[in-house]
Amino acid sequence: MTTRLLLAGALITLLALPAAAQNTPQGTPMRIRGTVEKLDGQNLTVKSREGPELTIALAPNFTVSAVVKKSLTDIKAGDFVGAASMKGTDGKLHALEVLIFPEAMRGTGEGERPWDLTPGSLMTNATVSGITGAPQGQTLKVTYKGGAPSTPIVTFAPGDASLLKPGAAIITAASKKPDGSLTASRVTAEKDGVKPPM
C-alpha cells in the first residue's frame, strides 16, 4: 500500500512512529510520555503528559535510546521511516514528526494505525519509495505491506541512564501488571535539548 503525507509546509506521504520499537514486557501495553522526576536504582519516576506521577520498574538490563536531529535531506529512497500524521482538510496526511529508523530496526511496526500523539493522529511505518517536490514543499512517497522546519525529523542514537535526569522528556512502552505496577525494558529520552517528538 502507498501513502502520502505533508510536512508542515512540506508534503510527505506517510507518518509513523515506532510502536514496536519499544519492547514491552508481559502485561497490558501502555505508552507513557512525560518528564523524568527521578531515577532511583531501577525505579524511574515520571510526571506523565496526562498529569499523574508514575513509577516504572525498569528491567535489570534496560536500555536507553536518545533522539538526535536530522533533516529532510537526510531521508532517501529505500529508508525505513516512521511518521505521526494528521489528516488535513485537503484529505492528505500532514506529518507531525518523522523518525528515520536505524537499518537494524527496518520493518518495525510496519503499516499504518491510530496513534496517540494527538487526538486523531496516525502512525505509519514504511519504506520511502520516492521523494519529489511539490508547491507545498517536499513529498515523500512511502510503501508498506497489505522538510519542513516545523516538522521534527529525528533518528535514534545510543544513550544511557545518565539521560534519565530530572526534567528530561521521555517516551516508553510500559507494561501494566494486574496489580497496577508498571515495568519497561527500554526508554527513549531527550538528549542535548532534542526531545522525543513521537
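The values are calculated or read from the model by the stated rules, or taken from the named source; none is laboratory data. A quick note: this is a predicted structure, and the numbers were derived from the prediction, not measured. Here Cβ is always computed from backbone atoms with ideal geometry, including for glycine, and neighbour counts include all displayed protein chains. Keep in mind that these areas ignore ligands, DNA and RNA; they rest on the heavy atoms of the full protein, side chains included. Shrake-Rupley method; radii C 1.70, N 1.55, O 1.52, S 1.80 Å.
Write out, first by first residue and then by second, each pair whose Cβ atoms fall under 7 Å of each other, whose residues are 6+ apart or on separate chains, and whose first residue, in the range 74-92, is more than 20 Å from MET105 (Cα to Cα) and in a strand (DSSP E or B) while the second is β-branched (Val, Ile, Thr) and open to solvent by less than 20 Å² (accessible area, probe 1.4 Å).
SER85/THR124
For the range 148-180, enumerate the residues that are among the aromatic types (Phe, Trp, Tyr) and buried (at least 20 other Cβ atoms within 10 Å of the Cβ).
Scanning the range 148-180 gives no hits.
Scan the range 157-173 residue by residue and report those that are out of contact with any Gly (no Cβ under 8 Å at 6 or more places or on another chain) and outside any loop (DSSP other than H, G, I, E, B).
Residues satisfying the conditions are ALA157, PRO158, ALA161, SER162, LEU163, ILE171, THR172, ALA173.
Of (1) modelled with pLDDT of 95 or more; (2) within 22 Å of GLY109 (Cα to Cα), GLU53 satisfies all except one. Which?
Looking at each condition in turn, GLU53 falls short on (2).
Let's see how each residue does on (1) open to solvent by 70 Å² or more (accessible area, probe 1.4 Å); (2) out of contact with any strand residue (DSSP E or B) (no Cβ under 6 Å at 6 or more places or on another chain):
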| residue | (1), (2) |
| --- | --- |
| VAL46 | no, no |
| ARG49 | yes, no |
| ILE56 | no, no |
| VAL68 | no, no |
| LEU72 | no, no |
| THR89 | yes, yes |
| ALA95 | no, no |
| VAL98 | no, no |
| PHE101 | no, no |
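Given the criterion touching a helix residue (DSSP H, G or I) at 6+ places or on another chain (Cβ under 6 Å), modelled with pLDDT of 95 or more, open to solvent by less than 20 Å² (accessible area, probe 1.4 Å) and in a strand (DSSP E or B), identify the matching residue among VAL64, VAL36.
Sole residue among the options that is touching a helix residue (DSSP H, G or I) at 6+ places or on another chain (Cβ under 6 Å), modelled with pLDDT of 95 or more, open to solvent by less than 20 Å² (accessible area, probe 1.4 Å) and in a strand (DSSP E or B): VAL64.
For the range 80-120, enumerate the residues that are within 21 Å of VAL67 (Cα to Cα) and hydroxyl-bearing (Ser, Thr, Tyr).
The answer is SER85, THR108, THR118.
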